[in-house]
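What follows is a short report on a single structure.
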Amino acid sequence: QGSYRSPQRAHLRVPARGRHIHPLSPRDITRTTAAMVGEAISIQGAAGTERASRPWARPQSHAHSHRRPTLGGRRVGGARVATRPRAHISEAEVSPAVALAVVDGVVATMAAELASAAAQERGCQQLLENAVGMQGEVARAGGLASVVKAMVAHPEVVLVQRSGMCALERLCSGHENNVLELLESNGLRIALAGMKAFPNEVVVQEFGCKLIRNAAACNAKVQATVAQLGGIQAALRAVSVNKDVMIVVEFGLRALRELAAYSAANQDEIVEKGGIQIVLRAMENSGSSKHIQAVGCGVLRNLTATNAEYQDSLLSRGGVEVVLSAMGEHPDSPEVQQAGVWAMFCLCVHNPQIQRVLTGHGVVNAALKAMEAHRTDSKVQEAGCWLIKELAKNIMAASTTLSVGSSSAVLKAIDKHAFVPAVQTAANGALRALVAHDRSGWVKTACLGRIGRCGRSAGRTALSVIRE
């Protein structure tokens with residue numbers, strides 16, 4: 001008669017009917033909230049210690065782990081009886097506080113148990129999991145420095161190097177401040193040493209290459225620093241040693257592409273260390289991977305742009321055949337088609353001799369097929385127009401079919417992408433180059449023939465070029 005207990009809520013004591021219930025004070029509500037947060041911290045910490053040793057594994061979801069005890073009122077004997085008021089705590093308010101509390105605890109534990117490899121591996125894994133969306137906060141709490149110390153303390157323990165490399169990559173991904181802190185703490189040098197110590201460890205190589213790419217993409221100064229510390233050699237070694245592991249090859253090539261971008265010194269080092277051969281062999285060995293083919297073409301593009309020596313080197317090593325093979329293997333991939341056309345453009349730009357060779361190899365036909373198959377892709381159209389502009393003289397000298405087909409492809413690009421400035425600039429330049437080398441009048445005839453079928457923008461462009 002005095003109270004009612006249910007099996008599910010035996011811990012809640014409900015007074016007899018009619019007894020006055022005093023609501024909880026704000027201080028009591030605060031204490032209740034603090035107790036719930038503390039319990040969540042302990043649960044999360046206990047769950048983190050039981051997770052799998054793989055640092056990239058996601059924590060398992062539990063069906064009822066998200067439920068909280070009901071704190072509202074209920075009915076007893078037909079009458080509603082008041083209980084404790086519900087503590088309204090949103091996930092946005094609790095999660096950051098819980099995560100930072102966990103990070104503080106992990107950092108303290110790693111500092112206290114620096115000699116324990118198991119503790120360092122577990123700590124790196126917990127920092128990796130809590131860094132999602134909180135990279136800056138975790139780094140400021142000492143998480144990044146703790147990972148570096150763990151890798152320094154256990155250079156021969158592959159599990160520590162693996163989890164540490166994953167944590168560093170997560171913390172530095174798209175976060176320039178953390179990259180700068182990594183360089184200041186000598187962390188990148190430690191990571192590169194780990195890649196050198198375990199050349200066949202897939203996870204170490206994959207996330208090490210990702211870390212190199214993320215760092216090199218920050219700015220030109222960091223890009224040069226990464227190369228000076230040995231980032232180029234580490235990426236080349238990862239690609240060559242793990243040539244049958246596509247994920248390592250892909251991110252190794254991505255790192256090389258970032259390192260070679262707009263840096264003559266890095267381009268020289270990559271070529272001197274056999275980078276062209278390594279990239280070509282990687283593309284040949286992974287012909288079924290469209291990602292490797294696209295990224296490989298990107299590396300070749302960055303190495304050969306405006307460098308006649310490297311253009312000749314790539315041509316003599318069969319680079320044209322490799323790129324054309326990639327485009328033929330993946331005709332439905334706009335990424336591969338765009339990257340292949342850009343690679344051919346950079347291979348022949350400002351090089352009349354190679355321009356004649358490429359025209360004879362059927363490069364123009366491959367570009368026209370790509371433009372026709374991907375008419376709605378502005379990037380493919382832009383790349384194709386720039387290649388046509390560069391090869392305009394050889395196109396007009398080759399055959400009437402090729403010249404008419406090229407002018408038609410350019411007009412279609414102008415018409416389809418009338419509001420894309422990059423396409424308009426490339427297409428206008430290509431059309432003017434074709435008309436400038438038109439001795440027989442076929443291009444002008446083709447332009448006039450398509451004016452009625454083209455839109456107003458393409459028609460005006462064609463007429464203005466013809467008048468010029």
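The values are calculated or read from the model by the stated rules, or taken from the named source; none is laboratory data. Just so you know, these numbers come straight off a predicted model, no measurement behind them. Neighbour counts are summed over all protein chains in view; Cβ atoms, including those assigned to glycine, are modelled from backbone coordinates with ideal geometry. With ligands, DNA and RNA removed, areas are computed over all heavy atoms of the protein, side chains included. Shrake-Rupley method; radii C 1.70, N 1.55, O 1.52, S 1.80 Å.
Laid out as a table, the results:
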{"quantity": "Separation of alpha-carbon centers, region 405-449 and region 102-158, rounded to whole Å", "calculated": "58 Å"}
{"quantity": "For region 234-283, the Rg and Dmax computed from alpha carbons only, in angstrom", "calculated": "10.1, 30"}
{"quantity": "Length-normalised contact order of region 314-397 in % [C-alpha pairs under 8 Å, at least 6 apart]", "calculated": "32 percent"}
{"quantity": "Accessible surface of region 369-436 [probe 1.4 Å, protein heavy atoms]: carbon and sulfur percent", "calculated": "54 percent"}
{"quantity": "Cβ-placed point charges (K, R +1; D, E -1), dipole of region 291-413 about Cα centre in debye, nearest 20", "calculated": "300 debye"}
{"quantity": "Average Cα contact separation per residue, region 243-335, under 8 Å, 6 or more apart, as relative contact order %", "calculated": "32 percent"}
{"quantity": "Dipole magnitude of region 136-232, debye to nearest 20 (Cβ charges: Lys/Arg +1, Asp/Glu -1, about Cα centre)", "calculated": "80 debye"}
{"quantity": "Region 153-270, accessible surface, carbon-and-sulfur percent (1.4 angstrom probe)", "calculated": "50 percent"}
{"quantity": "Prolate/oblate/rounded label for region 160-295 (Cα gyration tensor, a/c 1.5)", "calculated": "oblate"}
{"quantity": "Region 364-453, accessible area per residue, ligands and nucleic acids excluded (1.4 Å, Å²)", "calculated": "45 Å²"}
{"quantity": "Average accessible area per residue (Å²) across region 231-318 - probe 1.4 Å, nucleic acids and ligands excluded", "calculated": "39 Å²"}
{"quantity": "Listed peptides 186-195, 107-116 by packing density, highest first (mean Cβ within 10 Å)", "calculated": "186-195, 107-116"}
